[in-house]
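Here the structure is laid out as structure tokens; the discussion comes afterwards.
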Ligand code: ATP
């Protein structure tokens, strides 16, 4: 594996249209995607994920900035001259061709040798586990099977990079979970760099080596799923990735003071008197008798392995705790009950206001 990144995006900007009506789809994105990694672009609708993917593919040209793939500046190259392939949400299979022909077609267009094509097609069909269905046409396949064909077809020419634009969004939840594992396996087995676009945070967390969180045409944070989940860079990331409790607080020496006056021991390097927002995951909220925060249980929701306990502080601030159920039974909590809450110190993220 060489050291240069698979993809280097240098200060990419993209404006659609001009003048007053121009849309700033990308607003200065710089990013290195490493060789052989599963990289996910994550963000809400309209944040610029697809635009960034289309810039890498060459379907769009940047208004400013450069795109490098495998060390070469491809900014001015058309899509077919770039060592990338794309899997679209719509699959875009040829409906009248068999699975085998669908996979072979692109290789024929590239002028590959007959023997090599036959060998590659069979290997791809085996890779995506469709050997029994190779002579069927797409209309005779389920959504998940069609998705596998689309993947096999895109992987067949051995691109350096595979771009995937919300490829699982048309599948139902169960199939989607299966295909998530399948995609991860395919990426691992082929060693090809995957750039995956989704607005589904859970999908991003389960599949990726690294995630880039986007908002309003900018990259807010790049990191491993663990880094992004445990150390979100700001309130937006904390809120977008998983459930989070936000509590306003004032910094004191060795403690923070919540709006209702509760004093929570917490070391900070911030200036005493400054205002912060504490971000705490529901699973890191502890119910314990010596907890510094008094609260009242409002609602208790049982969900199999966990119980969500919704509580209110004296000033009305809502807080949710996710508690693990004991092997048999439930956590014994009742609405109206007085509880005390605490957090493990390293579980609290302090965000600037
Ligand atoms: P989604 O998840 O909804 O697909 P996205 O994060 O992929 O969203 P983009 O499709 O990259 O977002 O769009 C970013 C912004 O650019 C949006 O405001 C969108 O409306 C705008 N946009 C995208 N394509 C064009 C276009 N061809 N012409 C004008 N504006 C566009």
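Where a number appears in this text, it was derived from the coordinates with a stated rule and is not lab data. These figures come from a predicted structure and were not determined experimentally. Note: ideal-geometry Cβ built from the backbone for every residue, glycine included; neighbour counts use all protein chains shown.
Exposure proxy shown here: for 142, 328, the number of other Cβ atoms within 10 Å sets the order, fewest to most, as 328, 142. Indicate the gyration tensor shape class of region 41-193 (rounded, prolate or oblate), computed on the Cα atoms with a ≥ b ≥ c the square roots of the eigenvalues: a/c under 1.5 is rounded; otherwise a/b larger than b/c is prolate and the rest oblate. Taking the square roots of the gyration eigenvalues as a ≥ b ≥ c, region 41-193 is oblate.
Sorting 158, 177, 14 by the number of Cβ atoms found within 10 Å of their own Cβ, with the fewest placed first, yields 158, 177, 14.
Only Cα pairs under 8 Å and 6+ residues apart enter the sum, and on that basis the relative contact order of the chain stands at 15 percent.
Each helix, a run of at least 4 DSSP H residues, gives -39500 (n - 2.57); summed and divided by the residues of the chain, these come to -7000 deg cm²/dmol at 222 nm. Per-residue extension of 0.36 nm, minus the Cα-Cα distance of residue 288 and residue 275, leaves a gain of 2.0 nm for this segment. Can you give the percent of C-alpha pairs in region 103-169 whose distance is more than 15 Å? Percentage above 15 Å: 52.
Length gained on full extension, residue 30 to residue 312: 97.3 nm, using 0.36 nm per residue less the C-alpha separation. Distance between the pseudo-spin-label points of residue 158 and residue 254 (7 Å out from Cα toward the beta carbon): 6.4 nm.
Working from the Cα coordinates of region 243-352, the gyration tensor eigenvalues give, after taking √(5λ), semi-axes of 26, 14, 11 Å in decreasing order. Note the angle between two axes, namely the Cα long axis of helix 173-190 and the longest principal axis of the Cα atoms of the chain, as a number of degrees from 0 to 90, rounded to the nearest 10. It works out to around 60 degrees.
The simple Förster model, with R0 at 22 Å and r as the Cβ-Cβ distance, assigns residue 97 and residue 126 a FRET efficiency of 0.70. Rounded to the nearest 10 degrees, the inclination of helix 99-109 to the longest alpha-carbon principal axis of the chain is 70 degrees. Against the chain, whose longest principal axis comes from its Cα atoms, helix 143-155 is set at around 60 degrees. Assuming R0 = 51 Å, can you tell me the calculated FRET efficiency for the pair residue 347 and residue 170, based on Cβ-Cβ distance, to the nearest 0.05? So, using R0 = 51 Å, E works out to roughly 0.85.
Using 0.36 nm per residue, how much length does the chain from residue 177 to residue 73 gain when fully extended, once their Cα-Cα distance is taken away? Taking 0.36 nm per residue and subtracting the Cα distance, the gain is 33.8 nm.
Would you mind classifying region 220-295 by shape? Square roots of the alpha carbon gyration tensor eigenvalues, ordered a ≥ b ≥ c; an a/c under 1.5 is rounded, otherwise it is prolate if a/b is larger than b/c and oblate if not. Oblate, because a/c is 1.5 or more while a/b does not exceed b/c.
For region 227-353, the relative contact order works out to 27 percent when only alpha carbon pairs closer than 8 Å and six or more residues apart are counted.
Here the label points at residue 330 and residue 88, each 7 Å from Cα along the C-beta direction, are separated by 4.9 nm in the simple model.
Using C-alpha pairs under 8 Å with a sequence gap of at least 6, the mean separation divided by the residue count of region 287-353 gives a relative contact order of 41 percent.
The residues 39, 236, when put in order of fewest to most other Cβ atoms within 10 Å, stand as 236, 39.
Plainly put, the chain has a radius of gyration that is 1.07 times its Kirkwood radius, both from alpha-carbon atoms, as the Rg/Rh ratio.
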